[in-house]
Amino acid sequence: GVTRLLLTRIPFFKEIIVSSFACDSCSWSNTEIQSAGRIQEQGVRYTLAVTSRQDMNREVVKTDCAMARIPELDFEIPAFTQKGVLTTIEGIIDRAVAGLEQDQPIRRATDEEVANKIDEFIGKLKQLKEVHSSFTFIIDDPSGNSFVENPHAPQKDDALVVTHYRRTPQQAATLGLELEEKPADSAEDLRNEVLQFNTNCPECNAPANTNMKLVQIPHFKEVIIMATNCDSCGHRTNEVKSGGAIEPQGTRITLQITDPSDMTRDILKSETCSVEIPELEFELGMGALGGKFTTLEGLLKDIRELVERNPFTLGDSSAPSKTEKLQEFIGKLQEVKGKTKAHFIMDDPAGNSYLQNVYAPEEDPELKVERYERTFEQNEELGLNDMKTEGYESEGASAR
């Protein structure tokens with residue numbers, strides 16, 4: 001005989017290979033399909049509510065590893081019992097009927113009772129083709145290469161539910177897949193998962209967990225976000241550390257606050273960054289509040305809480321004159337949130353702080369970023385003056 005092969009593409013699906021065999025001697029013919037692509041990342045399950053004769057004409061790609069099921073009849077075609085086929089729902093039912101009828105003459109001769117039950121079931125399958133009542137047709141393919149046509153594509157089909165799922169180890173083994181174990185210290189894994197390690201709560205010293213995640217900030221760099229939650233006392237804290245080295249130059253970022261929408265800008269304040277609001281004669285020194293990844297409104301809120309929590313400024317032991325000044329400052333700080341125009345300045349000698357440019361990649365007219373050379377004192381605070389990264393091996397050897 002002759003086998004013909006055709007590579008074709010099913011719209012809104014993928015490429016498949018259709019093979020057709022015909023024998024001129026006995027007139028036997030057969031058609032099969034194979035996926036032209038690889039096994040998909042996830043398995044797929046199609047659930048179709050068949051309600052009309054038009055639904056019977058929907059095209060179906062059923063691979064050899066797919067299972068077909070009609071729950072209303074408790075009917076199932078197990079995986080690997082048929083070759084892959086490109087057909088319709090009616091064609092799948094006809095194929096099932098033909099398979100059941102094939103050995104009926106032998107069954108009638110050996111076990112007439114079983115043959116009568118199968119005849120009755122074949123009758124039910126044939127009645128499904130008339131669609132006197134609706135039924136459910138399910139194809140479950142762990143390889144992800146089966147398909148049921150959506151005649152309304154690209155619009156949604158209300159009668160068809162497509163579910164993607166993760167294969168079980170048994171299904172992967174059936175497909176001949178070997179589950180590769182990635183090394184635990186893979187750099188890509190560190191970027192895609194949240195790491196967790198044990199620590200103690202800074203408030204009550206009870207055992208707690210700290211979560212750590214690498215995050216890439218658009219138009220900036222990679223940072224490490226750390227968050228600690230204590231189940232004993234409910235204390236929660238988060239901190240941000242730079243994921244890169246100290247920059248060659250320091251950074252001074254100046255934002256002119258002109259609109260309430262400026263309060264939603266993202267801010268990364270590193271541990272080495274100082275904050276200044278000239279209109280309020282306010283300056284927050286390096287190291288205060290630690291590293292923060294928040295919004296401008298969130299940082300102003302943290303500054304307010306830092307002032308209010310200090311018992312020597314607003315507590316019982318504070319002087320009345322100092323209390324009045326700080327209450328006045330807190331009121332002005334509230335007005336900065338869009339009511340009063342002000343300048344917000346971040347000065348980071350390490351160059352690891354960031355303030356969102358809402359016009360990126362274009363320039364922001366309200367945002368000014370300056371690069372400057374660090375002074376000796378700033379390098380001293382960062383520990384750079386005594387740090388030597390080149391030539392230290394030869395010096396150590398000569399000293400010995």
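The values are calculated or read from the model by the stated rules, or taken from the named source; none is laboratory data. Because the structure is a prediction, the values reported are computed rather than measured. We place every Cβ from the backbone using ideal geometry, glycine too, and count neighbours over all the protein chains shown. Keep in mind that these areas ignore ligands, DNA and RNA; they rest on the heavy atoms of the full protein, side chains included. Shrake-Rupley method; radii C 1.70, N 1.55, O 1.52, S 1.80 Å.
Among the residues of region 62-80 satisfying the criterion of being assigned to a helix (DSSP H, G or I) and touching a Ser or Thr at 6+ places or on another chain (Cβ under 7 Å), which is surrounded by the most Cβ atoms within 10 Å (Cβ to Cβ)?
E72
Being surrounded by 15 or more Cβ atoms within 10 Å (Cβ to Cβ) and either modelled with pLDDT of 85 or more or assigned to a loop (DSSP other than H, G, I, E, B) (or both) is the filter here; which residues of region 227-253 pass it?
A227, T228, C230, H235, G243, I246, E247, G250, T251, R252, I253, listed by residue number.
Considering each of I118, I89 in turn, give the residue that is among the β-branched types (V, I, T) and farther than 27 Å from I33 by Cβ.
I118
Taking helices (runs of 4 or more DSSP H) that do not extend beyond region 265-342, which have at least 3 residues that are at pLDDT 80 or above?
Fully inside region 265-342 and qualifying: 296-308, 320-335.
So if I check each of R4, R38, R58, R9, which one is surrounded by 13 or more Cβ atoms within 10 Å (Cβ to Cβ), out of contact with any Lys or Arg (no Cβ under 9 Å at 6 or more places or on another chain) and among the charged types (D, E, K, R)?
Among R4, R38, R58, R9, only R58 is surrounded by 13 or more Cβ atoms within 10 Å (Cβ to Cβ), out of contact with any Lys or Arg (no Cβ under 9 Å at 6 or more places or on another chain) and among the charged types (D, E, K, R).
Please specify each residue of region 281-294 satisfying the condition of being in contact with a helix residue (DSSP H, G or I) (Cβ under 8 Å, 6 or more places away or on another chain) and surrounded by 16 or more Cβ atoms within 10 Å (Cβ to Cβ).
Correct list: F282, L284, M286, L289, K292, T294.
Tell me which residues, restricted to region 340-374, are farther than 20 Å from I224 by Cα, surrounded by 15 or more Cβ atoms within 10 Å (Cβ to Cβ) and among the aromatic types (F, W, Y).
F344
Looking only at region 343-395, which residues are aliphatic (A, V, I, L, M), in a loop (DSSP other than H, G, I, E, B) and at pLDDT 85 or above?
A350, V358
Limited to region 275-301, what total is found for residues that are within 14 Å of V336 (Cβ to Cβ) and either touching a residue at least 24 places away in the same chain (Cβ under 8 Å) or touching a strand residue (DSSP E or B) at 6+ places or on another chain (Cβ under 7 Å) (or both)?
14
Does region 161-168 contain at least one residue that is open to solvent by 20 Å² or more (accessible area, probe 1.4 Å), within 24 Å of I33 (Cβ to Cβ) and at pLDDT below 90?
yes
Among (1) part of a strand (DSSP E or B); (2) at pLDDT below 90; (3) of a type in the set (K, R), where does K83 come up short?
(1)
Pull up region 254-264, narrow it to residues that are in a helix (DSSP H, G or I) and under 19 Å from I330 (Cβ atoms), then point me to the one that is modelled with the lowest pLDDT.
Result: P260.
Quick check on my filter: what residues within region 131-143 are under 21 Å from P71 (Cα atoms) and touching a residue at least 24 places away in the same chain (Cβ under 8 Å)?
V131, S134, F135, T136, F137, I138, I139, D140, D141, P142
Look at G43 and say whether it is touching a His at 6+ places or on another chain (Cβ under 8 Å) and either in the same structural domain as G144 (by the TED database) or modelled with pLDDT under 85 (or both).
The answer is yes for G43.
Only one residue in D111, D103, D119 is loosely packed, with under 14 Cβ neighbours inside 10 Å, among the charged types (D, E, K, R) and over 25 Å from D64 (Cβ atoms), so which one is that?
So the residue among D111, D103, D119 that is loosely packed, with under 14 Cβ neighbours inside 10 Å, among the charged types (D, E, K, R) and over 25 Å from D64 (Cβ atoms) is D111.
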